[in-house]
Amino acid sequence: MSPSPESTHGKLVLVSAGIGDADNITLKGLKAIQNADLILAMPFVERQLQKYLPRGVPILDAGHGLFSSLGRRGDNQLKTQYQEDQIRHRIREAIDKGLSVVVVEFGDPTLFGPQSGYLTEFRDLKPTVIPGISSFNAANALLGQSLLHDTQQRLLMTTVHGLADYKGTLPDILVLFTMQLEIPQLSQRLLSLYPSDTSVVLIFHAGFSANQQRIHLQLDALVNTSKQLDIPWECMIYVGAIHDV
Ligand SMILES: C[S@@+](CC[C@H](N)C(=O)[O-])C[C@H]1O[C@@H](n2cnc3c(N)ncnc32)[C@H](O)[C@@H]1O
């Protein structure tokens, strides 16, 4: 391990690995990872980036939702606390030695990013963020059409739960992240807001070029069609002014 040349205080960087294929990372993100002295990543992100990781650099499990309310939701609070203590110690020790610490995130760290707690916990270290492709960007690409074109158009991004008490003007495009997705409840809620022939598009595995998938249907077919599908957690749902391409 060698101190970062630019500073004697070390630095903490939250780097997006992008989403899907390993080469969806930006050059800037890749450079930060390859120059890191200590890397923290969730195991599936580590596997995804395997071929780009520098040799001999320690890699710790970054956990899921540590230093945030998300990490407090699990039933094993003691384990979470222990993991946070260990990580706190390792990061501060490395920074004191002038080293470069990289926390790798998937997607955009600012959109429901499970590692965003690192930004608040280590605020005093002035962490920086290297942005990257979100599942939103990768799903947009798979849709292959302009989503916002006229300046009056609106796009609303939320989750199924964010729709529960929604009373505003309906957007031209509604984009849903699908944590804790229950299709019957979602369908019922959407049918209370939209006409039954509204377009709904399910995007699976966005950014994974080998198996990404786009399923276009009408809102009133959502429940029945979904019964024949094995919906992965990597799913975005688009509702509204979207045409089948
Ligand atoms: C905790 S959020 C993380 C989002 C991430 N920060 C981003 O910018 O993509 C997880 C949700 O993102 C969506 N997601 C993540 N990866 C995806 C993928 N490859 N394809 C489609 N949706 C994905 C799903 O809706 C999933 O429930």
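For segment 11-133, please report how many Lys pairs fall under 20 Å Cα to Cα, leaving out neighbours fewer than 8 apart on the same chain. Total qualifying Lys-Lys pairs in segment 11-133 comes to 9. The string of couplings for segment 100-107 from the Karplus curve (6.51, -1.76, 1.60, θ = phi - 60°) is 9, 10, 10, 9, 9, 10, 9, x Hz, one whole number per residue in order, with x for Gly and Pro. Phi-derived couplings, Karplus 6.51 cos²θ - 1.76 cosθ + 1.60 at θ = phi - 60°, listed residue by residue for segment 202-212: 9, 10, 9, 6, 4, x, 8, 4, 6, 9, 5 Hz, with x used for Gly and Pro.
Could you pull out the longest piece of the chain with no exposed loop trypsin sites (Lys or Arg not before Pro) in it, calling a site exposed if DSSP puts it outside H, G, I, E, B and it has at most 11 other Cβ atoms within 10 Å? Please report the intermediate quantities before stating the final value.
Numbers: sites that count: Arg55, Arg73, Lys167.
It runs 74-166.
Note that segment 136-240 presents 53 Å² accessible area per residue, ligands and nucleic acids not counted, probe 1.4 Å. Here the accessible area of segment 126-245 is 51 percent carbon and sulfur, with a 1.4 angstrom probe and all protein chains present. Distances between placed amide hydrogens fall under 5 Å for Phe208 paired with Asp21, all partners being 5 or more residues away or on another chain. Inter-part distance, segment 90-122 to segment 197-223, computed on C-alpha centroids, equals 33 Å.
Placing one equal scatterer on every Cα of the chain and applying the Debye formula, the log10 ratio I(q)/I(0) at q = 0.07, 0.08, 0.16 Å⁻¹ is -0.28, -0.37, -1.14.
In sequence order, segment 80-86 has phi-based couplings of 4, 5, 4, 5, 4, 4, 4 Hz under the Karplus curve 6.51 cos²θ - 1.76 cosθ + 1.60, θ = phi - 60°, and Gly or Pro positions carry x.
The values are calculated or read from the model by the stated rules, or taken from the named source; none is laboratory data. This is a predicted model, so every value here is computed, not measured. In this analysis, Cβ positions are derived from the backbone assuming ideal geometry, glycine residues included, and neighbour counts consider all displayed protein chains. The area values use the complete protein model at the heavy-atom level, side chains included, leaving out ligands, DNA and RNA. Shrake-Rupley method; radii C 1.70, N 1.55, O 1.52, S 1.80 Å.
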